[in-house]
Amino acid sequence: MLQAPARRGGCARLRRRAAGAAGFAPAPGRPLAPAAAFLGGLGFGGIDHGLSQLFAVGFGDRSTALLNA
């Protein structure tokens with residue numbers, strides 16, 4: 001079974017993604033929509049990075065091949 005490294009920040013990533021989505025939906029115009037999308041993208045990128053790191057720790061040397069399969 002894969003176990004996550006002892007790191008904090010998973011909730012912050014989810015909060016960033018949720019804040020971006022909540023800000024993008026009611027955005028009235030151009031200045032707010034890209035800013036909210038950027039915030040949501042940061043959250044999603046953090047989640048993706050965390051999952052990739054968890055995968056790399058779990059599978060060791062074969063992680064690159066398995067991650068791109």
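Can you give the net charge of the other residues whose Cβ lies under 10 Å from the Cβ of Gly46, counting K and R as +1 and D and E as -1?
On the way: positive: Arg13, Arg16, Arg17; negative: Asp48.
Local net charge: +2.
How large is the accessible surface per residue of region 19-69, computed with a 1.4 Å probe and reported in Å² as a whole number?
Averaged over the residues of region 19-69, the accessible area is 69 Å².
The values are calculated or read from the model by the stated rules, or taken from the named source; none is laboratory data. Treat the numbers as computed from the prediction; the structure is a model and nothing was measured. Ideal geometry is used to build each Cβ from the backbone, glycine not excepted, and the neighbour counts take in all protein chains shown. When the accessible area is computed, the model is the full protein with side chains, heavy atoms only, and any ligands, DNA or RNA have been set aside. Shrake-Rupley method; radii C 1.70, N 1.55, O 1.52, S 1.80 Å.
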